[in-house]
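Asks: Below you will find the structure I want to go over with you.
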């Protein structure tokens, strides 16, 4: 364990157990999967993973807040001031300071309606720009005329560089009760809300890892069980007893797949080792595994084996029927997965078709 993990573990231990997932619930679910109480390392790893997600979200929040705050400070480094006569103005920066941006909101009454327009003034140092351009005003009604005059006003202020103070006009033709205010609109609330949603989502999904592990283990049983029963039937028909057939299947699998064992065969290996070392009943251990897994097909097979263990040929015939049924179920699940995959492909294919239509029609639409 490195220093970072040790530090995170120390912090995690200070947090309420409920935030990263209750330890007892993890141990209970893992006991159902592996049948022993030696799962503390896996429990710790899952809880630490959840805690790291919380830390990452909080770091992103702090970093984003720092960036937004810095941007606001740069954009509003010199707010407007008020002279003795009550007129608002912005002090023009020096050459060392360079251009400054002032985000403001101008509001006023036009034809009985109050309008607000956010504007950004780019205040240049005195004498920095002597070129001025004419902007033609195009308007239809009074509100558009006022917006046009505001645009001209902003343009003239941004281009000016002659006065030390930039006064904000109190009278604009067509607008009454003119007022200037700093633009306080910033995404802090949205950022906090988004991070809150992410934190809440992490809390809701704190048991997601164990649920995925349970699903993966159950899928392993469903995929491997038909093949396992089929091998049992073949070996018993060849003259082996059930326990010998079980041992041979497990050893052959471990010999072929010693690096990458499936959950189902890893549990069968544990049963084989326990039976060899403690002389435990193989059938009883299979029943316990089936009960822990809560897989209906596995539970039915284990009950069939337990009830017919001493019936020889009759057990083989029953298992052969069960094997055919399990293969049919496996085929059915494969068909269902195929239908689900087709459904998931519907949206990407629809988007691809839409893109092709746009690419085909775009040249004609541009020429119109």
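Values in this text are rule-based calculations from the coordinates and carry no lab data. Predicted model only: the values in this text are computed from it and were never measured. Note: ideal-geometry Cβ built from the backbone for every residue, glycine included; neighbour counts use all protein chains shown.
Asks: Return, for the Cα atoms of region 212-357, the radius of gyration and Dmax in Å, separated by a comma.
Replies: Rg and Dmax of region 212-357, Cα atoms, are 19.1, 70 Å.
Asks: Can you grab the distance from the C-alpha centre of region 229-247 to the C-alpha centre of region 209-223, Å, no decimals?
Replies: Their Cα centres are 27 Å away from one another.
Asks: How many angstrom separate the Cα center of region 295-317 from the Cα center of region 11-59?
Replies: 38 Å
Asks: Sorting 5, 260 on the 10 Å Cβ count, fewest up front, what's the list?
Replies: The most exposed by this proxy come first: 260, 5.
Asks: May I pose another question? Run the simple label-point estimate for residue 303 and residue 351 please: 7 Å along Cα→C-beta, distance reported in nm.
Replies: Here the modelled spin labels are 4.7 nm apart.
Asks: Quick check on the exposure proxy: order 343, 120 from fewest to most C-beta atoms within 10 angstrom.
Replies: So the ranking, lowest neighbour count to highest, is 343, 120.
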